[in-house]
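Readers should treat all values here as calculations from the given coordinates under stated rules, not as data from a laboratory. It should be emphasised that the depicted structure is a prediction, and the values quoted were computed from it without experimental measurement. Positions of Cβ are backbone-derived with ideal geometry, glycine not excepted, and every protein chain shown enters the neighbour counts.
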Amino acid sequence: MIRPTTLQINVGDSLANISNEVMGDYSQWRELAEMNDLDIFKAIEIGRTIKIPTAKEVEDSLKKAVTSEVDKVLKDLDLSALTKSVVDSIGEKEYRLIGWVL
């Protein structure tokens, strides 16, 4: 079966059902919503044509989302107080040695 690149919304359609039928995975409804700039809290207009992402586009979207979340966590994770505490307790030379070994 050839995967369509677009699909027209019909009565009773949902992003989950479309993603399952066309993409083979219910959970990819978020990628459909993101790619088509859909508000997930509003009904989709009947007759609207949406783009169906390729497998590569879904993969890229997921990588981007994960990378973005990891970046946020790392930005919010400030270990400077912990580092200072460790250096104060074991000494700077020992701390650098541990860092070099790890």
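Summary table
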item	result
Sparse-neighbourhood loop sites, GluC sites (Glu not before Pro) in region 18-102 - DSSP loop, at most 15 other Cβ within 10 angstrom	GLU45
Cα-based reach from LYS42 at 24 Å (exclusive), listing lysines while leaving out same-chain residues under 8 positions away	LYS51
Unit charges at the beta carbon, dipole of region 19-102: most positive-side option, LEU74, SER89, THR54	SER89
Which labelled figure in (1) -0.81, -1.13; (2) -0.65, -0.90; (3) -0.69, -1.02 is log10 I(q)/I(0) by the Debye sum over Cα atoms at q = 0.15, 0.20 Å⁻¹, once derived from the coordinates	(3)
Fewest-first ranking of ILE40, ILE50, using other Cβ atoms within 10 Å as the exposure measure	ILE40, ILE50
Residue-averaged 222 nm ellipticity for the chain, from DSSP H runs of 4+ at -39500 (n - 2.57), nearest 500	-16000 deg cm²/dmol
The chain, dipole about Cα centre (Lys/Arg Cβ +1, Asp/Glu Cβ -1), debye to the nearest 20	160
Values of log10 I(q)/I(0), in the order q = 0.30 Å⁻¹, for region 1-58 under a Debye, Cα-only, solvent-free model	-1.61
Separation in nanometres of the label points that stand 7 Å from Cα toward Cβ, at GLU94 and PHE41	5.3
Anchor LYS84: lysines whose Cα lies under 30 Å away (excluding residues fewer than 8 positions away in-chain)	LYS72, LYS75, LYS93
